Structures are given as structure tokens and as C-alpha cells.
Amino acid sequence: MTKQPVNPGGPPPLHAELLVVGSGAAGLAAAIEAAERGARVLLVTGGALLSGSSPRAQGGVAAAIGRDDNVGLHYADTMAVGAGLNDRTAVQVLVREGVEIARELVRDGAPFTSDEAGPDLGLEAGHSRRRILHAGGGATGLWLTRFLAERAARFPNISIIERTQLAGLTVRQGQVVGATLEDPNGGRILAEAQAVLLATGGAGALWGRTTNAPETRGVGIGLAWLAGATLADLEMMQFHPTALVLPGRPAFLLSEALRGEGALLVDAAERPFVDPLLPRDVVARAVAGQAEELGGAYLTMRHLDPDAIHGAFPSLSRQLSEWGLDLARDLLPIAPAAHYLMGGVRTDADGRTDLPGLYAAGEVACTGAQGANRLASNSILECLVFGRRAARAALGEDAAPAVEWTRIAAPFDFGAWPSQSRDTEPSPIGSVLDRCVGVTRNADGLRAAIAALPDPEHPATPPDLRVAGFAARAAYLREESRGAQSRSDYPATDPRWRGRILWRRGAGPAFEGVMEEQNDDAN
């Protein structure tokens, strides 16, 4: 029998030992780690190399490298902010290996701000110590991603393809063996690999008011579900409390670091209304109430030395100046905006999904390290730590045995979903999510969202809208308030809900309990 070509009528498939999809901090960290171990790596990115979420990150990289700090304190802060939903093992890995990676980056010349005494460490909300490495005066993500990209470019065994989208994962006999890619002209490219590592980012751009790049719509998450991987915690979208809102302009992130250096959150009369260094979910709810119901919310630094502010945050100062605003002297109108998805493709601490051959790292993944609410500046740290670990595991190195995840009886009745709308003209997804799956939710709004969104379990639903549908359904099922999930009709945290809602194709929702925290720390 004649063997049929893999891609009849098209170009021959590309081959690599590791296919990395995404070029942010997680994808680049994974590609470099694999290349250093001699593997052939194909790195594919949907836009230009320095697009996506990582280059937009302003704050920094959290790591317990200060003299008055230790990994136990970082662990405790992460667990406290995560509201009981953190995976203890993942947090221990994050804070321990984060110190090693941070010191390595400093040693290798990463462009972090420093002085004669060493790295200049910033303070951000939820942290008990100054532990934030930062660069570029509010442009840490861009500077660090560029540093990693320059390192990756020096490896002859890393091939980079830009402006090429992930169209689907290739599964043979229950294992991911490659992916279908789409070039800018709509042509299809097949890539074959021993393993595929997703680093495609989160889903914040599904919301109308967002700090995310337009392409950050959860496509990788939706395609992973279609291939058979499990998703988790999709109701846990973190809203950044201080997004600049100007008429006719998209929301613009005003870094957490501003509050760490003394910025206040005030009303129109310049009266403070919330402690600016409380965890993000607390501050976001306070800002939302003030902005939407009580006459407006503002960030101000006019009580501080203007020269010092402009010197510390030159990138932000320049951007605001282009819009006719002065970072140090103006009242800056703010509102919460969809910022970071704690949920995603369920992985263990080695980036391994429950679909053989598929790995994930960064915001696309749900390791459990971030819990129900991410601690500020733990995101790029997560990319670096778990990007490396996922690359090693994908190559069959240094990985612990696969974790057996335990499904337990859920504290809810699955029942029937609210009926879905048959409107021929669906509502804009962003406005539905802003209105119904925003900072604070309730059953009526969530039922409306479920009715307005396509059925996420239908195979024909686009992958990004699938993620939106699962997010609304998970928020509807979770009848409590915990971290980023705030329900006005269920304002208390319910210990029965200390676990994550899971989604796997053909199985509907399931519930996975979180391991009880013991009296230990990361030391």
C-alpha cells in the first residue's frame, strides 16, 4: 500500500524535538532551556517576536533576593493573596527556583535597575518586603523579553517563525505529536515534534476593558480543550485596579509599582478611599465601586516629588505626556480592567498536561501557583520558572512522575444550564463579559452571559469564544466569593469550594479539591 503524504498538496511538514507556541517570557525561557540541552526547537509566534503580553508587563519580577527577605516570606505572601486555591507544591517551586533564576539573570546582565549595592528592589501590593526586580522605568516586560529574545537568537538550534497562528493540535493515538499552523496568507503548515509546549498567553482581551494585547483571547486554551486537555479556574480573571480610562482610548495599565512608590487612590475631592497596597482583588472592587457609583476614582502622585516620579517611571511619563497628562501632577482617572487569567490548561509543576505530549507554561497554564488571585509580579516569575521546567519535562529530563489529580464530589448540582439565546445577531463578547462577568458577578448576570455566548462544548465554537463560555459557566457554578471571583449574591468564602472547577471535552464540569495546607513553608 502506498503511504499518503502527511500534507498532500502543501509544503512538507516542519520537524523539531520541541515545538514552542508563543514568544513571551515563558516561550523564550522554554526554548532557551531546550536549546541549551541540545534539542532542535521550533518557536512559533502569532505576531512579531516582541508582541503579546510579556512585553506589556510594567511592574517587574518578584524574587526573594533582598537581605531582609527569604523564600518563606514570599511563599506566605503568595498563599495569602491566593485565597486558599494555591497548589502548595507549585508555590514552593515558584519561590525557590525564582531566587535561582533571578540571581542568574542579574549575573548574566539582564537590564534590571540597580545601584552600587545591587538590584533596586521595588514594593508592590500584597508583598511584605521589597522584592520586585524592575527595568526601564515601568517597561520591565519589554526589556526582559528583548533580553531573552536576543539570547534565543544566538542558538542555531532554535528556529523562529513569526506571524504564524496556531490552528490546531495534532493528536495521534492519544498523544500530541505536532500542530497545524496558519501563515499570514491563510496557508496551512504542519509541524511535527516529540512534544508541543503551549505558551500562548491568557484571555484578557475577550473583555472589552482590558490591559491585554488584542490577540490575547485564549485561543491556545480553547484548542487544548478541543484536543482533549483539561482546563481549570477559568472564572478566575484578575482585574487590575488601576487602568487609565480616557474617552476614545483603550484602557492603559498604570503599574502596581506606582502604588508601591506612594501613589494614592482618591475620589474627585482627592480623599483616599482604599489602602493602595491591599491585594488586587480588594482594591479592584473598591475602585469599581468608586468609579461606577460614587463619582469617579483617580490615581494621584501629586503629593510626591515630581522629579523623582518622572525619573523613576520615564516610560510611563513619556506615554502619558503624549496624551497631554503629567504622571506626577494630574489626577488620573482609573477603573479596573481585565488583566490576568489565573486559570488555563491544567498542568502539574513540570508543565505537563493530562494529554500526553502536550505541555504548557505561563499564563496559558494553570499550575495552581497563583491560586484565586495572583500576587503582583509573580506572573513573569511563573513564566521563567515553569517555562524552564516544562522544557526539561518535554525532553524527558528532570521531571517528577506524573501527578494523579483527584476528582472529588463537587459542592454543586450540575443541573441544566440556562437556556441560550437564539438571536441571529449575538451581543459583542467584550460588552457581555464586562457587564456580566466583571469585577463583581451575580446569578442573573451570569445567566444572561451564558445565554448570550455560544455553547463552549460545541466543536464548532471558535476557541476564544469557548473560553469565554467556560468562564461564564464556571463563575455561575462557583457560589461563593474567593479572590477574583466576587459574587454579590454569595459574598462569603465557602470552605466547600476550596478546589478548582475543571473542564474536559465530553465530560462536563468536574471538581478537584486543593490539598490541605500544612504547617510548613518554602524554606
#### Entry: Those residues of region 94-139 which are open to solvent by less than 10 Å² (accessible area, probe 1.4 Å), farther than 14 Å from N378 by Cα and not in a loop (DSSP other than H, G, I, E, B), in sequence order
L105
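Conditions tested, residue by residue: (1) open to solvent by 10 Å² or more (accessible area, probe 1.4 Å); (2) out of contact with any strand residue (DSSP E or B) (no Cβ under 8 Å at 6 or more places or on another chain); (3) part of a helix (DSSP H, G or I).
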position: V20; (1), (2), (3): no, no, no
position: S51; (1), (2), (3): yes, yes, no
position: R67; (1), (2), (3): yes, yes, no
position: T78; (1), (2), (3): no, yes, yes
position: Q92; (1), (2), (3): yes, yes, yes
#### Entry: Test set (1) of a type in the set (D, E, K, R); (2) under 20 Å from V439 (Cα atoms); (3) open to solvent by 40 Å² or more (accessible area, probe 1.4 Å) - D183 fails condition number
(2)
### Task
Inspect all residues belonging to region 213-222 and state whether any of them is closer than 23 Å to S317 by Cβ, in contact with a helix residue (DSSP H, G or I) (Cβ under 8 Å, 6 or more places away or on another chain) and open to solvent by 10 Å² or more (accessible area, probe 1.4 Å).
no
### Query
Among the listed residues A205, A193, A199, which satisfies the condition of being hydrophobic (A, V, I, L, M, F, W, C) and over 13 Å from the mean Cα position of the chain (by Cα)?
A193
### Task
Identify all residues within region 479-499 that are modelled with pLDDT of 95 or more, crowded, with 23+ Cβ neighbours inside 10 Å and on the phi < 0 side of the Ramachandran plot; write none if there are none.
S481, R482, A484, Q485
### Task
Please tell me if G84 is in a loop (DSSP other than H, G, I, E, B), over 19 Å from the mean Cα position of the chain (by Cα) and small (G, A, S).
no
### Query
Within region 226-269, which residues are outside any loop (DSSP other than H, G, I, E, B) and either on the phi > 0 side of the Ramachandran plot or small (G, A, S) (or both)?
A227, A232, A243, A257, G260
### Query
Can you tell which of G208, G168 is of a type outside the set (K, R), surrounded by fewer than 20 Cβ atoms within 10 Å (Cβ to Cβ) and assigned to a strand (DSSP E or B)?
G168
### Query
Does region 510-520 contain any residue that is open to solvent by 10 Å² or more (accessible area, probe 1.4 Å), touching an Asp or Glu at 6+ places or on another chain (Cβ under 8 Å) and at pLDDT 95 or above?
no
## Note on the structure
For region 443-460, pairs from a residue that is closer than 17 Å to G506 by Cβ to a residue that is of a type outside the set (A, V, I, L, M, F, W, C) and in a loop (DSSP other than H, G, I, E, B), with Cβ under 9 Å and 6 or more apart or across chains, are D455/Q420; D455/T461; E457/R505; E457/G506; P459/R505; A460/P454
### Query
Does E192 satisfy the criteria of being in contact with a strand residue (DSSP E or B) (Cβ under 6 Å, 6 or more places away or on another chain), among the acidic types (D, E) and in contact (Cβ under 8 Å) with a residue 60 or more places away in the chain?
yes
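The values are calculated or read from the model by the stated rules, or taken from the named source; none is laboratory data. Everything quoted here is computed from the prediction, not taken from an experiment. When we count neighbours, we look across all protein chains shown, and the Cβ atoms used for this are built from the backbone with ideal geometry, even at glycine. For accessibility, only protein heavy atoms count, side chains too; no ligands or nucleic acids. Shrake-Rupley method; radii C 1.70, N 1.55, O 1.52, S 1.80 Å.
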